[in-house]
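Right, one structure below, let's go through it.
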Amino acid sequence: MMNTAALETAKKNVFTKGFLDIDLDPTLDLFAAIERLKKEKNAVVLAHYYQEPDIQDVADYIGDSLGLAQQAEKTTTDIIVFAGVHFMAETAKILNPTKKVLIPDFNAGCSLSDSCPPALFKKFKEDHPDHAVVSYINCSAGIKALSDVIVTSSNARAVVDSFPKDKKIIFAPDRNLGAYLEKVTGREMLLWNGSCIVHEIFSLEKITKLKVRHPHAKLIAHPECEEPILRIADYIGSTTGLLKYTQTDDTQEYIVATETGILHQMMKASPHKTFIPAPPNNSCACNDCPFMKLNTLEKLYLCMEYETPEITMDETLRLQAKKSIDRMMEISRQAGL
Ligand code: 13P
Ligand code: SF4
């Protein structure tokens, strides 16, 4: 255990660094320590599929954005430790105002969320007063508060279909998911011009060559990918959808066009199958989300031990943002999702 003064300094620095920067005893068994803290503090660890494998292995629940929100809604623990990015932990806080919501690294943001600043979006919405606002969950609480309903990649089609055909819709912030929804629902929407840096990195040329070398492999893709990738995909779905597909489909090889973290669960569920990460259009590992990967097992342990960084939120904003999430949850229930 470190001395009190050093700990206080580290806690103050959380606001600038985003996490508790404390040197840990390298012999500490982090898996055992996290399990102990879960029990001692009545805490649950929720992790997104894009987290590093160690974090997935220590989590109580691993899921996509919809699954995680549903899990956060029904959890009974005092503390929710959210191993994911900021908008996800924020959603858990919106649904659980009396619980403590912790995130291993407060700087775990999202390029898609950042592409839609609330002040600009408010003006855009005011310019189109006859439009309903449907927003992808990958956005800030400020955008959720300006939205009529939220969607995730699992329920987006059901939510968009729930509006009368003649209702005009603004879809924010992901232009790729928006374009995909326009195609599958057969309706035009006004799309905000945002995107995810990870899902826009895949190279059509390299994937096409990879398919030639692996003629039996199926291409499976997340709908945040660009249209040329989606056009040649054999299956398009959320992270949970992609994982389930590889479990039920009888193909032996898959080229996976989404963040690489999902491969951990795919390989665990189907160890006899081959999973190839879709190649990016450069030579670095850019299909790793740099925000998701800010969280580490060490930071997860530290945030549980010292209960910081914590997600807090203005109550008026929370209540406003909750309305659009509640509506999504209701439509999902009705659709059996
Ligand atoms: P899902 O979890 O809905 O598949 O979305 C993926 C994603 O990009 C999360 O940031
Ligand atoms: Fe955001 Fe893309 Fe990272 Fe998901 S993968 S958190 S959409 S930057």
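Globularity index of the chain is 1.00 (Cα radius of gyration / 2.2 N^0.38 Å, N = number of residues). Protein heavy-atom surface of the range 21-73, 1.4 angstrom probe: 47% of the accessible area is carbon and sulfur, with nucleic acids and ligands not counted. Using a cutoff of 8 angstrom between alpha carbon atoms and counting only pairs six or more residues apart, the relative contact order for the chain works out to 22 percent.
Calculated on C-alpha atoms, the gyration radius of the range 76-121 divided by its Kirkwood radius gives an Rg/Rh of 1.04. Under 5 Å between amide hydrogens, built in the peptide plane, is the criterion, and for Ile169 it picks out Ala132, Leu190 among residues at least 5 positions away or on other chains.
Which value, in nm² and rounded to one decimal, describes the direction-averaged projected area of the C-alpha convex hull of the range 132-206? Convex hull of Cα atoms, orientation-averaged projection: 5.4 nm². The share of accessible area on the range 115-260 that comes from carbon and sulfur is 55 percent, using a 1.4 angstrom probe.
Taking θ as phi - 60° and the Karplus parameters 6.51, -1.76 and 1.60, the scalar couplings of the range 320-337 work out to 5, 5, 5, 4, 6, 6, 4, 5, 4, 4, 5, 5, 5, 4, 4, 8, x, 9 Hz in sequence order, x denoting glycine and proline. Solvent exposure of the chain amounts to 44 Å² per residue of accessible area, where only protein heavy atoms count and the probe is 1.4 Å.
A simple rule links phi to the HN-Hα coupling: the Karplus curve 6.51 cos²θ - 1.76 cosθ + 1.60 with θ = phi - 60°, which for the range 208-225 gives 4, 5, 4, 5, 5, 6, 10, x, 8, 6, 9, 8, 10, 9, 7, x, 7, 6 Hz, with x for Gly and Pro.
Karplus-derived 3J(HN,Hα) values for the range 287-298, using 6.51 cos²θ - 1.76 cosθ + 1.60 with θ = phi - 60°, are 8, 8, 6, x, 7, 4, 7, 5, 6, 10, 4, 4 Hz; glycine and proline are entered as x. Ranking Phe121, Phe106, Pro290 by Cα position along the charge dipole of the chain, where only Lys, Arg, Asp and Glu carry charges on their C-beta atoms, puts Phe121 farthest toward the positive end. Taking all protein chains as shown and a probe of 1.4 angstrom, Asp78 keeps an accessible surface of around 90 Å². Of Thr239, Ala179, Ser140, which is farthest towards the positive pole of the chain's charge dipole, taken about the Cα centre with +1 and -1 on the beta-carbons of Lys, Arg and Asp, Glu respectively? Positive-most Cα among the choices belongs to Ala179.
Dividing the summed -39500 (n - 2.57) terms of all DSSP H runs of n ≥ 4 by the residue count of the chain sets its mean residue ellipticity at 222 nm at -13000 deg cm²/dmol.
The values are calculated or read from the model by the stated rules, or taken from the named source; none is laboratory data. Everything numeric here is computed off the predicted structure, so don't read it as measured data. So basically every Cβ, Gly included, is an ideal-geometry build from the backbone, and we count neighbours across all protein chains shown. Accessible surface areas use protein heavy atoms only, side chains included; no ligands, DNA or RNA. Shrake-Rupley method; radii C 1.70, N 1.55, O 1.52, S 1.80 Å.
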